[in-house]
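Readers should treat all values here as calculations from the given coordinates under stated rules, not as data from a laboratory. Bear in mind the structure is a predicted one, so any value in this text is a computation, not a measurement. Cβ: placed from backbone, ideal geometry, glycine included. Neighbour counts: every protein chain shown.
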Amino acid sequence: MALNALGRHLALVGFMGAGKTMLAPLVAERLGRRAIDVDGELGVDIPALFAQGEEAFRAVEEPRTCELLAIDEPTVLALGGGSIKSQAVRDALGRSAFTVLLEVDVDTAWERVRASDRPLAQDEATFRSLNDERRPLYRGIADAVAFDLDGVLLAAAGIQHERGALARLGELVPGDGPVALVGDATVLGIHGAAAERALGDRLQSLHQLPAGEQAKQLAVVERLWSELRLDRGGTIVALGGGAATDAAGFAAATYLRGVPWVTVPTTLVGQVDAGIGGKTALDIPQGKNLVGAFHWPARVVIDEELLETLPERERRQGQAELVKTELLAGRELDVRGAAAYKAGLCVGDPHDRARRQWLNLGHTFAHALEAAAGFELAHGEAVALGLLAALRLSGRDTTAVEAALDPQPVQVDRDRAWEALLRDKKRTGDQINLVLLGDDGPVIEARSQAEVRAALDTLIA
Ligand SMILES: NC(=O)c1ccc[n+]([C@@H]2O[C@H](COP(=O)([O-])OP(=O)(O)OC[C@H]3O[C@@H](n4cnc5c(N)ncnc54)[C@H](O)[C@@H]3O)[C@@H](O)[C@H]2O)c1
Ligand SMILES: [Zn+2]
């Protein structure tokens, strides 16, 4: 079974009327991929061909579906409802796709298709019995089940969003091998017992990381390497905020040249940002996050109940990333929607070469202010300020961000902040590339140094 859609086609399967054809282009847009509606690619008059018998239709559908699944470039495919009756199609899915069952209740499906010319939707009783017959087949081949667009995007990244999921952790960690639970010391004190209970017999060892940013040190990871007893069949489960998951993820990326890992983010930052997308990192004296690796988690478990114990000041850190994501998406988002948005960008661009960079909205300014403040400034506050600058340079109104985050200018040395910004950014001549908001969504645009410096200066008291 595939765990995510990385480097694979994302195939939508499901019954007639589930919305596969409608959703495929929306999923594709969010992943930056091409959408293919297999029915539309058959090049035949489907009702006419069906009139010659279902077999005549399947004889055209099967080879064409397999051909499309053999395309190298990962796409998003909407498959015909009955195509998965073919063993050849099921084999092709297993080889090259992450298969998502788009679920729909049969009443809704019937309402959607009853007036259509679909050959197998001409009579309600037949339609319903066909649904009963197909259901186990869909369940049997699907790597994941989803009900809507965000559900597909979350599944594509291997994300399980579910209240109370911590109690099911034992089932949610893929495979059946041993687990090393690695957690933030504070979080283990609160949620560790529940996690241990949920892992049951699979729990092989438990490892405490210093709470917060102190976890992201080579000495901490070195100790962890020496404690781990996993072989390649084992999994590291990382429980905590972004600091714990960054450090545990780096250990997972490097131990035995890489073992699978699962993130269980316990902060708002973690659930909408750090726990998703497979970037892991350590800090070194020369700077934060300067050492790291890409290592996609086998699963991300987002349990919003875990946020109930999060201190308010930590929640505010996450609020800034949530507002950032809302600006990128152009609409209000909850935790699930924000996680799905990041998931889409990261699955489409796992190595941060293009669209994933949009997530840096406001961050060029934020990093400069943090550096100038000697890292005494909280990241969330710096991001809130950075968003103001990005909005101003985009010619956008800032009142919504001001109302949501109340950013206050900081007292730092202006020249020091500017030097940090220049050091941080690749420049082309006088121009600096920034993520900004265009009319049709995020864009990466070059602005002159004078403009960027003026925007930075407005953030400093
Ligand atoms: N890898 C990525 O893509 C990515 C993205 C964003 C941020 N990050 C990294 O994430 C880190 C920041 O993460 P963070 O904001 O989650 O902070 P954090 O991990 O430092 O945790 C903040 C504090 O909250 C406590 N805590 C965590 N969960 C709790 C809970 N449920 N109840 C009570 N206390 C809890 C921790 O013990 C800690 O003291 C930074 O190091 C940053 O570089 C990584
Ligand atoms: Zn950030």
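Number of Lys-Lys pairs in the chain with C-alpha atoms under 25 Å apart and a separation of 8 or more places or on different chains: 21. Take each peptide in 354-360, 414-420, count the other Cβ atoms within 10 Å of every residue, and average; sorted highest first, the result is 354-360, 414-420. With K and R counted +1 and D and E -1, the other residues having a Cβ less than 13 Å from that of Gly348 yield a net charge of +4.
For the chain, the longest principal axis of the C-alpha atoms and the axis of helix 218-227 are separated by about 50°. For region 436-444, the Karplus equation 6.51 cos²θ - 1.76 cosθ + 1.60, evaluated at θ = phi - 60°, returns couplings of 10, 9, x, 5, 9, x, x, 9, 9 Hz by residue, with Gly and Pro reported as x. Placing unit charges on each Cβ (+1 for Lys and Arg, -1 for Asp and Glu) gives region 313-388 a dipole about its Cα centre, and among Thr364, Ala329, Phe375 the Cα reaching farthest toward its positive end belongs to Ala329. When both region 74-150 and region 296-374 are represented by their alpha-carbon centers, they are found 33 Å apart.
Computed from Cα atoms, the angle from the helix 185-199 axis to the main principal axis of the chain rounds to 20 degrees. Scalar couplings 3J(HN,Hα) for region 79-94, obtained by applying the Karplus form with A = 6.51, B = -1.76, C = 1.60 to θ = phi - 60°, are 8, x, x, x, 4, 6, 5, 7, 5, 4, 5, 4, 5, 5, 4, x Hz; x denotes Gly and Pro.
Between Asp440 and Asp231, the distance separating the two model label sites (each 7 Å from Cα on the Cα→Cβ line) works out to 5.3 nm. In plain terms, the chain from Gln214 to Ser448 could stretch by 80.5 nm, reckoned as 0.36 nm per residue minus the Cα-Cα distance. Overall form of region 252-380: rounded. Here a/c, set by the Cα gyration tensor axes a ≥ b ≥ c, is under 1.5. Of all DSSP bridge pairs formed entirely within the chain, close to 30 percent run antiparallel. When you count the other C-beta atoms within 10 angstrom of each residue and take the mean per peptide, 32-39, 454-461 line up highest first as 32-39, 454-461.
Against the chain, whose longest principal axis comes from its Cα atoms, helix 335-348 is set at around 80 degrees.
Counting only Cβ charges, +1 for Lys and Arg and -1 for Asp and Glu, the dipole size of the chain around its Cα centre is about 1000 debye.
Computed extension length for Gln204-Arg223: 5.2 nm, one decimal, from 0.36 nm per residue of separation with the Cα-Cα distance subtracted.
Note: relative contact order over the chain, using C-alpha pairs below 8 Å and six or more positions apart, is 12 percent. One chain, two ends: Arg135 and Asp406. Fully extended at 0.36 nm per residue, the span grows by 92.5 nm beyond their Cα-Cα distance. Descending by average beta-carbon neighbour count within 10 Å, the peptides 98-110, 391-403, 74-86 line up as 74-86, 98-110, 391-403, the highest first.
With kT/(6 pi eta Rh) evaluated at 4 °C and eta = 1.567 mPa s, and Rh the Kirkwood radius from Cα pairs, the chain diffuses with a coefficient of 54 µm²/s according to Stokes-Einstein. Other residues whose C-beta falls under 14 angstrom from the C-beta of Ala2 contribute a net charge of +2, scoring Lys and Arg +1 and Asp and Glu -1. With the cut-off at under 12 Å, measuring from each backbone N in region 166-189 to a point 7 Å along the Cα-to-Cβ line of Glu196 picks out 181, 188-189.
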